[in-house]
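Reviewing the structure listed below.
Every number here is computed from the coordinates shown, using simple stated rules; none is lab data. Since this is a predicted model, take the numbers as computed values, not measurements. Cβ placement follows ideal geometry from the backbone for every residue including glycine, while neighbour counts extend to all protein chains displayed.
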Amino acid sequence: MKRFTVSWLCSLVIGLLLFGGFLKSVEARGVDSDKSDSVFISGGGGIFYPFAGKSGFNAVVQAAGKISPQERLGVELEYRKYETELFNAKNIDTKSYIVRGIGQYYFRPHGISPYVGLGINFAINTFDEDEIEKKRSSVNVKRGWGFGYGIMGLLGVELPLGQFAFFAEGRVSGDFQFTQYEKRSGKKKFSIQSLSGFTGMGGIRMRF
């Protein structure tokens with residue numbers, strides 16, 4: 001668990017450093033002279049539906065910078081809690097801690113606007129290894145966490161109200177986890193598990 005905590009903190013620091021460097025780049029380029037509308041901080045949540053498993057919830061915090069009137073680029077942190085299928089064992093309690101680089105394109109520069117987005121992420125996933133071994137006695141999972149990588153696409157709409165905006169999004173993600181385990185024979189194997197799914201969420205966004 002200590003190793004997991006250190007890894008997650010390192011991921012958080014890397015994400016914040018990347019975003020800080022991006023903001024300096026935006027300011028240096030001067031692509032948006034209206035600084036009060038150049039940075040966006042978002043918070044929201046909703047329901048995550050894994051392709052294999054039972055739905056849970058998610059929460060997202062995002063920081064993005066405007067690189068053109070219709071384009072934004074940023075970093076977000078996402079948390080998911082749900083049940084999924086791992087090692088052919090169903091309904092395993094799983095939590096995902098995700099750091100994601102994300103770009104968004106807005107079809108209208110002002111007012112109510114639909115938008116699309118694309119993100120690339122890495123994650124640390126934790127799960128109940130004892131529950132897996134109870135359901136699959138032939139599998140010995142060495143640790144209750146694994147590294148993951150993925151890609152995410154979204155379709156959303158934003159409703160601005162002064163310095164605030166409300167948003168709603170539908171997301172689809174392809175997420176994969178890399179985990180080592182051991183067969184009853186003692187042979188070690190490497191497994192790629194899918195944690196993909198749909199997300200429906202909404203939240204509030206602030207402009208600075």
State all residues of region 125-163 that are polar (S, T, N, Q), in contact with a helix residue (DSSP H, G or I) (Cβ under 7 Å, 6 or more places away or on another chain) and under 19 Å from Lys95 (Cα atoms); if no residue qualifies, say none.
Thr126
Lys134 meets each of (1) assigned to a helix (DSSP H, G or I); (2) touching a Phe, Trp or Tyr at 6+ places or on another chain (Cβ under 8 Å) with one exception, condition (2)
What tally of residues in region 49-77 results from selecting those that are within 11 Å of the chain's Cα centre (by Cα) and touching a residue at least 40 places away in the same chain (Cβ under 8 Å)?
6
